[in-house]
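Have a look at the structure below, then the notes.
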Amino acid sequence: MSHYVSKVNRSLHYFSMQHIWIIGTGGIGEEYARILHELGKSFIAIGRSEEKAQKFEVNTSFKAVSGGLDQFLSTNPQMADAAIVATGIRELLPACKSLIAAGISQLLIEKPGGLHESEIAELAALCDQHNVHALIAYNRRFYGSVMKAQDVISKDGGLTSFHFEFTEWSHRIAEIERPAEILRHWFLGNSTHVADTAFFVGGWPEEFCSFRSGNLSWHPTASVFTGAGKAKSGALFSYEANWESAGRWSIVFNTFHRKLILMPMEGLFTTLKGRVDVVPMEFDNTLDTAYKPGFYLQTKAFVEKEHSRFCTIQEQLSHIKSVFNKIAGY
């Protein structure tokens, strides 16, 4: 029982309640630990490095298990009800495979779920085979700004159109020490935060055309992206990104009555029909300022099995095949 992380002594009855493993003791794992503690859930944080485990304890006041997931599983631990996989992108698939083999049937997996399509396809197949419910942690779906925008859109009678930009700062990314395979799939591993949010709110494409040009040494398929189409919701959409120019992430939603602007995506601004001034909209962002934005409500929804806002691993595979690969040129 010594490995169960807790600031106070808890009874065996408490541990018989929903118990969660956090796989990964980096910054993301630390955030999940804080939130699970706040939600009153018991958990074990499991990482590979003893150094990271010690840093985890310093930053969170919770102990962590080092030595890696497979070593931990070899000790025949008390089984968890669920696991949150917060490893680096290259370790997502191996960690999920070990958890599925151990009998864990509820997974929350850091986006995008794997390094590329083939890994995500393998994981989706495993989940189907073993009846595992796996969800992708696109935390921007849980932003206060996004939820407020959805509420306004609903009250306005729906969307007429939307636009998003996923420009990445290539001059910064080129300096990052990351494996080439991660950089080659940067749109999937990073930019889909924007595309997923835009399509989650506005509707996934029914049909669209995509165009690309340019290339970067670390992202050879394209550096300039644009496209447009029609969503299943009936709204028209467009997108752009120029990784060799200036820009930032943003989403714009248009209703019959207003324009809603998420730029930055944590904020929400509006321009009413017949006006040109852009004004901030009020919404409750208390949780997005107290914790990493979107994480509290995402974690709460996961542990309470309120999964309607999540992307499943099967949906993610479908989105990659029909939308993301077409945008990025993979």
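None of the figures in this text is laboratory data; all of them are computed from the coordinates on show. Only a predicted model underlies this, so the values are computations on that prediction, with no experimental measurement involved. Cβ: placed from backbone, ideal geometry, glycine included. Neighbour counts: every protein chain shown.
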Check: Taking the Cβ-Cβ separation of Arg275 and Lys155 as r and a Förster radius of 25 Å, what is the calculated FRET efficiency to the nearest 0.05?
Finding: 0.85
Notebook entry, point to check: Peptides 224-236, 294-306, 190-202: what's the order by average Cβ count within 10 Å, highest mean first?
Noted result: 190-202, 294-306, 224-236
Next item on the list: Of the listed pairs Lys97/Lys232; Lys259/Lys292; Lys55/Lys321; Lys230/Lys321, which have alpha-carbon separations greater than 29 Å here?
Entry: Lys97/Lys232; Lys55/Lys321
Check: Which value at 222 nm does the chain reach when only helices count, each DSSP H run of 4 or more adding -39,500 (n - 2.57), with the total divided by all residues and rounded to the nearest 500 deg cm²/dmol?
Finding: -9500 deg cm²/dmol
Notebook entry, point to check: If you add up the charges near Gly144, with Lys and Arg at +1 and Asp and Glu at -1, over every other residue whose beta carbon is less than 12 angstrom from its beta carbon, what do you get?
Noted result: -2
Next item on the list: Please report the Cα spread of the range 12-137 along all three principal axes, rounded to whole Å, starting with the longest.
Entry: 38, 31, 27
Checklist line | When the convex hull of its Cα atoms is projected in every direction, mean area for the chain (nm²) | finding: 17.4
